[in-house]
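Notes for the one structure printed next.
The values are calculated or read from the model by the stated rules, or taken from the named source; none is laboratory data. Note that this is a predicted model, so its numbers are computed, not measured. Here the Cβ positions follow ideal geometry from the backbone for every residue, glycine too, while neighbour counts run over all protein chains shown. The protein model used for the area step is the full one, side chains on, heavy atoms only, and it has no ligands, DNA or RNA in it. Shrake-Rupley method; radii C 1.70, N 1.55, O 1.52, S 1.80 Å.
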Amino acid sequence: MRADEAAQFREFVQARWAKLVRTAYLLTGDHGDAEDLVQTALTKAYVAWHRVQGSDSPDAYVRRILVNTNAARFRRKRITQLFGVTAPEPRTAADSTTRQVEQRDALMRALAQLPARQRTVVVLRYWDDLPEAEVARSLGISVGTVKSQASKGLAKLRADPALHGARWSADDSAEVIAV
């Protein structure tokens, strides 16, 4: 790789690291695994940087690498094992920070219960705020499949009793899902 390409890759990584880790965290449920996943995906992107850089959307290209790497890496693991089987005892604190932590925990547990494809679609569509067409391109599925998987995933999240009564404002959601 030429020096100018290496510099462009470094800039790309520095600008997108936090967002990629957040997406990976939502896919894996573990901060350490998320960082490992992003590093693995970026290693693959580095090797193919001339193709990534020449694509219509390098972000979408790297996101696709991230999703595919996650699918291959965690195919045999159940995501619920990463979050634990039993929920911690609920706390009764009026403090808003505690409430946000409890909401984030409930949300992560609910996401863990979704099938992998639904979880991936929900994360890319709503947390990464990607349009349906871009999610479909990233996953190699049709826009209709994105819509149906998002609908089913959101229905399961809405039905989760641990999320009932949770209030999600734009400010809260950023805090709740921040890693």
### Message
Take T145 and tell me if it is out of contact with any Lys or Arg (no Cβ under 7 Å at 6 or more places or on another chain), of a type in the set (S, T, N, Q), part of a helix (DSSP H, G or I) and open to solvent by less than 20 Å² (accessible area, probe 1.4 Å).
### Response
no
### Query
Considering the stretch 24-35 alone, what residues qualify as being outside any helix (DSSP H, G or I) and open to solvent by 30 Å² or more (accessible area, probe 1.4 Å)?
D30
### Message
Being more than 12 Å from the chain's Cα centre (by Cα), assigned to a helix (DSSP H, G or I), over 27 Å from K147 (Cβ atoms) and modelled with pLDDT of 90 or more narrows it down to one residue among V13, V62, V38, V21; which is it?
### Response
V13
#### Entry: Single residue of the stretch 36-51 satisfying the filter (touching a residue at least 12 places away in the same chain (Cβ under 8 Å) and among the β-branched types (V, I, T)) that is surrounded by the fewest Cβ atoms within 10 Å (Cβ to Cβ)
T40
### Query
Is it the case that T97 is buried (at least 20 other Cβ atoms within 10 Å of the Cβ), hydroxyl-bearing (S, T, Y) and part of a helix (DSSP H, G or I)?
no
### Task
Collect the residues in the stretch 1-10 that are in a helix (DSSP H, G or I) and open to solvent by 70 Å² or more (accessible area, probe 1.4 Å), keeping them in residue-number order.
A3, D4, Q8, R10
### Query
Any idea which residue in the stretch 73-85 is modelled with the highest pLDDT, counting only those that are in a helix (DSSP H, G or I) and open to solvent by 60 Å² or more (accessible area, probe 1.4 Å)?
R73
